[in-house]
Amino acid sequence: MPLPTPNNGEKRSKFMDRCMSDPTTKGEFKDNKQRAAVCSSQFSKAESKASLVFDSTNPWGESDKILYWSESKEKNKPLNKPFRTPKGPKKFSVYVKNEKGNVVKVNFGDPNMEIKRDDPARRKSFRARHNCDNPGPKWKARYWSCKQWRAGKKVEGSTEEEYEWDGETIFDHDELLAMNPDLANAPEAEVSEAAKRSGRKSGAQTPAEPSERKKGSKKNPKGSAGEKGGKITFSEKTTNSLKEKVKEHNSKHSKKVTLSQLKKVYRRGAGAFSTSHRPNMSRHGWAMARVNMFLKMVRGGKVKESYKKADQDIASASSYCADAMGSLWENIRKKKERMGKNYKPAKVGDKDRPQKDAWERAKGKDDPNAHYFDTKEKALKDAKKLGLEGFHTHKTDDGRTLYMAGPNHEAFMKKHKQIVKEKSGGG
């Protein structure tokens, strides 16, 4: 990359600050004194070519020269004029000045997509997906894509100082470089990871309408859907729907979930609706879709990596609870086998009494999680105790095989419910 040069009308002090902190200068000249000498030399070279040198003074009474060039307008003429880039990485590029006043090259336009802005429906859809009512600054690709996807009307008000693109005219790159050869060295503007992906963006990224953008909740404060969030309150209808999903999932799968977890996922989905969602989706529908995706992830189904990252903390909490419950019942079983007829349940105050939080997770019931074993022999032994025949298997997310009493899960759950009903309490 070339070393910095003074801009038209830039004071020496301003240029020295910019030059000293420039990545190229800092990379080539590590020593501050050497870098200062190089920057000073750059300014002196520019001064010898300047059309006008204005000798001003800074607040300390020191000389602070300002340089002017009559050809500055010529150098700026190629800016804001898009040109085709057949070799990629995008369909078009354009030279612009970024927020720091430096010239950068912005790449925009998917090379694999046609521009059908004359189709009102396609135009409306594109502009909604990309939030073109607020396209952002000129040094972002979205600004230029939105310009191109307007209705077929040329922009009025272009001036000699700054060209305003009409969204249609495409310029010749070689002609632009002939006006200002330095543009060949212009760095490419930074882009987000999402912008690097080719192809049509998902409908799920459609920005929410202004009326749909809500912040916060009186019932459920910020952070309630986090790992250590407090109580979450929903309508009776929504809560009952989530309860049914918990019941249905836990009756069919080895990895269990709780109502609290689904409430957190639903809360996150309802909040995400305020940012973006598929068209014609309700907030409830969007939140429930996230709950369904969470359940699919918990039972080992294939989901996008973005979903895993979004709610993995809640899913991990589910695994922890299941492991803790299984460990508790396993310890009780081992104690019974070890002590035989002398076994007595630990009382409050005894050293071997389970911790309150562990007891709460498994209190009063023969928990199904206690009937998963790592060998079929243990499962067959448990089947004999329960009055069942044979065993069946379950696969965990990490590929392990767990064994359970009974010919299938339905037979086990039927027997389990019968046992729980007959028992008056846990032990």
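Under 18 Å from a label point set 7 Å out along the Cα-to-Cβ vector of residue 32, the amide N atoms of the range 1-20 belong to 13-20. With neighbour counts taken as other beta-carbon atoms within 10 Å, the residues 106, 348, 420 rank, fewest first, as 348, 420, 106.
Pairs from the table (347/417; 245/309; 90/124; 14/90) lying more than 24 angstrom apart at Cα are 347/417; 14/90. Would you mind checking the pairs 11/100; 255/381; 45/138 and listing those with alpha carbons more than 25 angstrom apart? Violating the 25 Å limit, Cα to Cα: 45/138.
Here each label is just a point 7 Å from Cα along the line to Cβ, and for residue 49 and residue 282 those points are 6.7 nm apart. Here the residues 283, 290, ranked from fewest to most Cβ neighbours within 10 Å of their Cβ, fall in the order 283, 290.
Treat the count of other C-beta atoms within 10 Å as a stand-in for reagent exposure and order 117, 268 from fewest to most.
Least to most surrounded, the residues fall as 117, 268.
In this simple spin-label approximation, residue 335 and residue 313 carry label points 7 Å from Cα along the Cα→Cβ vector, and these lie 3.4 nm apart.
Counted residue by residue at 0.36 nm each, then reduced by the alpha carbon distance between them, the extension gain from residue 179 to residue 400 reaches 72.9 nm.
Computed extension length for residue 121-residue 133: 2.7 nm, one decimal, from 0.36 nm per residue of separation with the Cα-Cα distance subtracted. Gain on full extension, evaluated as 0.36 nm per residue between residue 377 and residue 347 minus their Cα-Cα distance, stands at 7.6 nm.
Taking label points 7 Å from Cα along the Cα-to-Cβ direction, residue 306 and residue 14 give a separation of 4.1 nm.
Each value in this text was obtained by applying a stated rule to the coordinates, not by laboratory testing. Please read all numbers here as calculations on a predicted model, not as lab measurements. For neighbour counting, all protein chains shown are included, and Cβ atoms are generated from backbone atoms with ideal geometry for every residue, glycine included.
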